[in-house]
Amino acid sequence: MNKIPEVNEEIVRAYFEEFYGYVARSELYFKKKTQRKGKRKGVGPSDIDLVLMHPKKGKFGKRAIVAVKGWQNTVFNIKDIKNYEKWYGVFDSQEIKKAKEFFSNKKFNKIFVVSKLKKDDILKINEISKKLGIIILDFPRILKEIWSKIDTGRNYKNSEFLQAIRLAKKYINE
């Protein structure tokens, strides 16, 4: 399956690759079995948005899977994060099984990227996410970090997104 990557996934990929030294693979596909109450079982395509590997051990571990939900307009609060599995079906048993196969049963982290976290809940959400065994990032944090780290004198030839940010930062700061 060759679909055009979503812009949100491209932003997150550039963030991990360029600023944290990860090698990223987009869209690790697998067949997902579904069953709804009172309906037949089915099998359909699904994917893990990003798979990350670091040559040593990066800020987010040596290996990780990433679910990107940046298309939402939702501001995520504590309740949303506690129920992330039910709300989105991310990191379900089938995704975890596929990730274990991909990583040859080696340990990996789970990273959940959301549109925005409620400011008043961020500390509590970070506490809850540790208990859930996931790392939660939001787009404002990622975009602010990209903006602060972007080098206006450098050519980001592997990322059109980073090139656009480089140009914006260069000309806004003139």
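The residues of the range 155-166 that are over 20 Å from the mean Cα position of the chain (by Cα), touching a residue at least 12 places away in the same chain (Cβ under 8 Å) and in a helix (DSSP H, G or I) amount to a single one, Arg166. Among residues of the range 105-124 that are under 13 Å from Phe139 (Cβ atoms), those with a Cβ under 9 angstrom from a residue that is loosely packed, with under 15 Cβ neighbours inside 10 Å and modelled with pLDDT of 90 or more, sequence gap 6+ or separate chain, pair up as Ser115/Pro140; Lys116/Pro140; Leu117/Pro140.
Okay, residues lined up against (1) more than 22 Å from the chain's Cα centre (by Cα); (2) in a helix (DSSP H, G or I):
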| position | (1), (2) |
| --- | --- |
| Ile128 | no, yes |
| Ile136 | no, no |
| Arg141 | no, yes |
| Gly153 | yes, no |
| Ala168 | yes, yes |
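Can you tell me which residue among Ile48, Ile65, Ile111 is in contact with a Lys or Arg (Cβ under 9 Å, 6 or more places away or on another chain), under 18 Å from Val12 (Cα atoms), modelled with pLDDT of 90 or more and assigned to a strand (DSSP E or B)?
On the way: Ile48 fails: modelled with pLDDT of 90 or more; Ile111 fails: in contact with a Lys or Arg (Cβ under 9 Å, 6 or more places away or on another chain).
Selected residue: Ile65, the only one of Ile48, Ile65, Ile111 that is in contact with a Lys or Arg (Cβ under 9 Å, 6 or more places away or on another chain), under 18 Å from Val12 (Cα atoms), modelled with pLDDT of 90 or more and assigned to a strand (DSSP E or B).
Of the listed requirements (1) under 16 Å from Lys100 (Cα atoms); (2) at pLDDT 95 or above; (3) out of contact with any Lys or Arg (no Cβ under 7 Å at 6 or more places or on another chain), Arg25 misses just one: (2). The number of residues in the range 114-126 being assigned to a helix (DSSP H, G or I) and not basic (Lys, Arg) comes to 6.
Farther than 15 Å from Leu50 by Cα, surrounded by 15 or more Cβ atoms within 10 Å (Cβ to Cβ) and at pLDDT 90 or above: which single residue out of Ile150, Ile122, Ile81, Ile128 fits that description?
Details: Ile122 fails: at pLDDT 90 or above; Ile81 fails: at pLDDT 90 or above; Ile128 fails: at pLDDT 90 or above.
Of the residues listed, the single one that is farther than 15 Å from Leu50 by Cα, surrounded by 15 or more Cβ atoms within 10 Å (Cβ to Cβ) and at pLDDT 90 or above is Ile150.
The values are calculated or read from the model by the stated rules, or taken from the named source; none is laboratory data. These numbers come from a predicted model, not from an experiment. Glycine also receives a Cβ, built like all others from the backbone with ideal geometry; neighbour counts cover every protein chain displayed.
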